[in-house]
Number of protein chains: 2
Amino acid sequence: MTAPSQSAFSVVALAGGVGGARLVDGLDRALPPGSLTVVVNTGDDFQHWGLHISPDLDTVMYTLAGLSPEDRGWGIAGDTFHVLEEAKRRGVDEWFQLGDRDLVTHLSRSGALARGVSLTRVTAELCETLGVERPILPMTDAPRPTSIVTQAGKELVFQEWLVKARAAPAVREVRHQGTDQTTHAVLAALTAADLVVICPSNPYVSIDPILKLAGISEAVRNAKAIAVSPIISGAAVKGPLATMIPEIAGRDASAEAVATHYDGLLDGYAVHTGDAFDAPYPLLETNILIQSKEDRVVFARELIDFARSLR
Amino acid sequence: MTAPSQSAFSVVALAGGVGGARLVDGLDRALPPGSLTVVVNTGDDFQHWGLHISPDLDTVMYTLAGLSPEDRGWGIAGDTFHVLEEAKRRGVDEWFQLGDRDLVTHLSRSGALARGVSLTRVTAELCETLGVERPILPMTDAPRPTSIVTQAGKELVFQEWLVKARAAPAVREVRHQGTDQTTHAVLAALTAADLVVICPSNPYVSIDPILKLAGISEAVRNAKAIAVSPIISGAAVKGPLATMIPEIAGRDASAEAVATHYDGLLDGYAVHTGDAFDAPYPLLETNILIQSKEDRVVFARELIDFARSLR
């Protein structure tokens, strides 16, 4: 083991699913070993078939392991679906797509949690078996389910709203139930961070669940913090955010609307070319569409330079 | 729905895994609809990968569904092992063989149990999706784990002894932990039974767990009861019984040794040709090796005729 050759510059990324995972993948390759820690939303975690499923942890982990498919935001590239096909054959509830290789993650995690191992430790073990070396920390070890209250007044567990109801019911409110405690590992990483990056994830259902845990928004406010807009030219790259902003904030979806949501937390903000607005902090206006692996690392380098330039 | 045309003759079979399942399959086809209920050992149930696995319930269920392989005592014929292969690839604990189609059973069961559904009800639902119409009742809804105390004084959960340790450690004692309560469904079936059949399963680890629940041996004693020997010419058709009898009972393995174990319960006993002994009740001496589907139903008919002939 050799110590990082560059001056230590520790970065904590707060991430949800696909958008977050892609930026994390870029940061992973742009930063020297030992400098990146990822804190991941677990508000989407749910029980399915008796298993503990952590969609965002898995997306981040599979992306860093190089296992994510290019063409969809979940699961493992080239996975088979023999278990799911049998479930369909038997008429078992199969709304959530689980691949055969992917299932091993949920089985291992569920087995370990049932033996009393913490989600933080389980995640570290899963990362080790998948060859992922960056620390990936769940935002909390205790249940903190996100739920969606629809305009019709119905409350749905997040994944049921997103996947089963295809994010169709209009949203009145996002709720965070369960614990408000994060872990020592997360607080320690944030306290030591030279930079906090809020990834281009959904602010309401991916980032807020993290920020609303006790001590986290204070730690972000005390750190140098930047965000990357999850909105490009009024549209979300992926997911239901573009319709959620008008429903929840009563304004059109825009990079600025997301920045307003993070009011008081940011020291800088990255927006897509053409999305600049009059902001109380520096903006990085560039190509933030980072679907390819190359775009991810190019943007990550630009973002780190931008962050280093901030006072 | 039409009522059974034959005079009602209700049979309750007490069964463990493969041997029990094969006789149950014969009885299933020899008896008119509505007359057979199967009470199955759950002492082998265990947690693996966070799932609730019920090996004997599954073997009976798959056998009655026509899904069991001819060449092994577990799982579904023609199943694939993509999940298991991934587990091996990742170095995850994979000593218990789980097929992809088979997994759907464990996932469905575990999911339902986690929602508070009883094992009895879960089993009925699984049977329904698999097209099994005979009632299959777990011996209890609560945990009742069988453990093996080895001659070396080590206590192992049954499946770990059987599968992981390949039944190699010599047995000093079999223990039954947890609840001693059966279910209303089991007691009601036994009370209404015209005949109780103790299947050719291991008396120590398949049948005793059932008999030792409160009220069951009394109900069997009060009913007309017969057993089928799991020992043929001193050998067990399958499993570790032939070595367990000398270790536990201090005598050679034989049909008679098993009968002695059931002392006071039986009104008749079926043994293989050549295995007859001087018994205090009638013996049926015939071909009891029932590996083929044809042999199973031929023997089941013979067994029912024998039972009807008993006073």
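Read the figures in this text as sums done on the coordinates, not as results from a lab. Values in this document were obtained by computation on a predicted structure and should not be read as measured data. Here the Cβ is made from the backbone with ideal geometry for all residues, glycine too, and neighbour counts use every protein chain on show.
For the options A:GLY268, A:GLY16, A:GLY43, a Gaussian network treatment of chain A with springs between C-alpha atoms closer than 10 Å singles out A:GLY268 as fluctuating the most. Under 13 Å from the Cβ of A:LEU156, count the other residues' Cβ atoms, weight Lys and Arg +1, Asp and Glu -1, and hand me the total. Charge balance near A:LEU156 sits at +1. Averaging the Cα positions of each part gives two centres, and for segment B:290-311 and segment A:132-189 these lie 59 Å apart. Charge tally around B:PRO230: other residues with Cβ under 13 Å, Lys/Arg +1 each, Asp/Glu -1 each, net -1. Taking other residues whose beta carbon is less than 14 angstrom from the beta carbon of B:THR191, and scoring Lys, Arg as +1 and Asp, Glu as -1, yields 0.
For A:THR129, the label point sits 7 Å beyond Cα toward Cβ; its separations from the matching points on the remaining copies run 2.3 nm, from shortest to longest.
If the Kirkwood radius is taken over C-alpha pairs of segment A:1-148, then at 4 °C and 1.567 mPa s the Stokes-Einstein diffusion coefficient equals 80 µm²/s.
With the gyration tensor restricted to C-alpha atoms of segment B:42-90, the semi-axes of the equivalent ellipsoid amount to 20, 17, 7 Å, longest first.
Can you tell me the relative contact order of segment B:113-248? Whole percent, Cα pairs under 8 Å, sequence separation 6 or more.
20 percent.
Determine the alpha carbon to alpha carbon distance for each of B:LYS154/B:LYS212; A:LYS88/B:LYS164; B:LYS164/B:LYS212; A:LYS238/A:LYS293; B:LYS88/B:LYS238 and list only those over 21 Å. Long pairs (Cα-Cα over 21 Å): B:LYS154/B:LYS212; A:LYS88/B:LYS164; B:LYS164/B:LYS212; B:LYS88/B:LYS238. Cβ crowding within 10 Å ranks A:VAL60, B:VAL174, B:VAL92 as B:VAL92, B:VAL174, A:VAL60, fewest other Cβ atoms first.
Mean sequence separation of contacting Cα pairs (under 8 Å, at least six apart), scaled by the length of segment A:145-222, corresponds to a relative contact order of 28 percent.
Sparsely packed loop sites in segment A:215-303 (the trypsin sites (Lys or Arg not before Pro) outside DSSP H, G, I, E and B with at most 14 other Cβ atoms within 10 Å) comprise A:ARG251.
Need one number: % antiparallel among DSSP beta bridges in chain B, to the nearest 5.
Approximately 35 percent, going by the DSSP bridge assignments.
Dividing the Cα radius of gyration of the protein assembly as shown by 2.2 N^0.38 Å, with N the residue count, gives 1.20. The same position A:GLY116 in the other copies lies at 2.6 nm from this copy, comparing label points 7 Å beyond Cα toward the beta-carbon, shortest first. Look at the alpha carbon pairs under 8 Å that are at least 6 residues apart: their mean separation over the length of chain B gives a relative contact order of 19 percent. Size descriptors for segment A:11-309, from the alpha-carbon set: Rg then Dmax equal 18.3, 59 Å. With its label point defined 7 Å out from Cα along the Cα-to-Cβ axis, A:GLY34 lies at 7.8 nm from the matching points of the other copies, in increasing order.
DSSP beta bridges confined to the protein assembly as shown are antiparallel in about 35 percent of cases.
Rounded to the nearest 20 debye, the dipole size of the protein assembly as shown about its Cα centre is 440 debye, using +1 on the Cβ of Lys and Arg and -1 on the Cβ of Asp and Glu. Normalised by 2.2 N^0.38 Å, where N is the number of residues, the alpha-carbon radius of gyration of segment A:9-79 equals 1.14. The value for segment A:126-274 of Rg(Cα) / (2.2 N^0.38 Å) is 1.09.
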